[in-house]
1. Taking the stated definitions as given, is L93 aliphatic (A, V, I, L, M), within 24 Å of A105 (Cβ to Cβ) and either modelled with pLDDT of 90 or more or out of contact with any Phe, Trp or Tyr (no Cβ under 6 Å at 6 or more places or on another chain) (or both)?
2. Across region 40-87, which residue is surrounded by the fewest Cβ atoms within 10 Å (Cβ to Cβ) among those that are among the polar types (S, T, N, Q) and either in contact with a Lys or Arg (Cβ under 6 Å, 6 or more places away or on another chain) or more than 14 Å from D104 (Cβ to Cβ) (or both)?
3. Quick one: would you say A105 is in contact with a helix residue (DSSP H, G or I) (Cβ under 8 Å, 6 or more places away or on another chain), under 21 Å from S48 (Cα atoms) and crowded, with 19+ Cβ neighbours inside 10 Å?
4. Are any of the residues in region 24-39 surrounded by 10 or more Cβ atoms within 10 Å (Cβ to Cβ), modelled with pLDDT under 80 and of a type in the set (F, W, Y)?
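The values are calculated or read from the model by the stated rules, or taken from the named source; none is laboratory data. Values in this document were obtained by computation on a predicted structure and should not be read as measured data. Don't worry about glycine lacking a Cβ; one is built from the backbone with ideal geometry, like all the others, and counts go over all protein chains shown.
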Amino acid sequence: MSVQIRGEGADGIVVATKLGNAGGAREPDDPAEGVRGWMNYYGRFYRSRCVQVLRHLHEALGAWARRKYRRFRRRERASMHWLGRIARRERTLFAHWAHGVLPDAGS
């Protein structure tokens, strides 16, 4: 269980919050491990829904690119094609790309 310091209260006492998970399972050190485990489980039983969720993740990555790079500000297709080109060049960058779930654009 980890402790997160939230700051000082009105009376000058430091307030701490205990962060823990109710199930007792440990959190993976690498976020990609969690994605890999999730994909292995749900991809086996409900692959179509798993791919839909990962496509939503691609859209979120495209939105991140539009916020980060000015050349993609109002160019949704261009950002998705850029992401697709990166996915085909660097398949090991994200866990779901390594499993073969790539963005549709950018071929």
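1. yes
2. Let us first name the residues in region 40-87 that are among the polar types (S, T, N, Q), namely 40, 48, 52, 79.
With either in contact with a Lys or Arg (Cβ under 6 Å, 6 or more places away or on another chain) or more than 14 Å from D104 (Cβ to Cβ) (or both) added as a condition, the list becomes 40, 48, 79.
Details: N40: 12, S48: 7, S79: 25.
Looking at residues that are among the polar types (S, T, N, Q) and either in contact with a Lys or Arg (Cβ under 6 Å, 6 or more places away or on another chain) or more than 14 Å from D104 (Cβ to Cβ) (or both), I get S48.
3. No: the conditions fail for A105.
4. Among the residues of region 24-39, at least one is surrounded by 10 or more Cβ atoms within 10 Å (Cβ to Cβ), modelled with pLDDT under 80 and of a type in the set (F, W, Y), which makes the answer yes.
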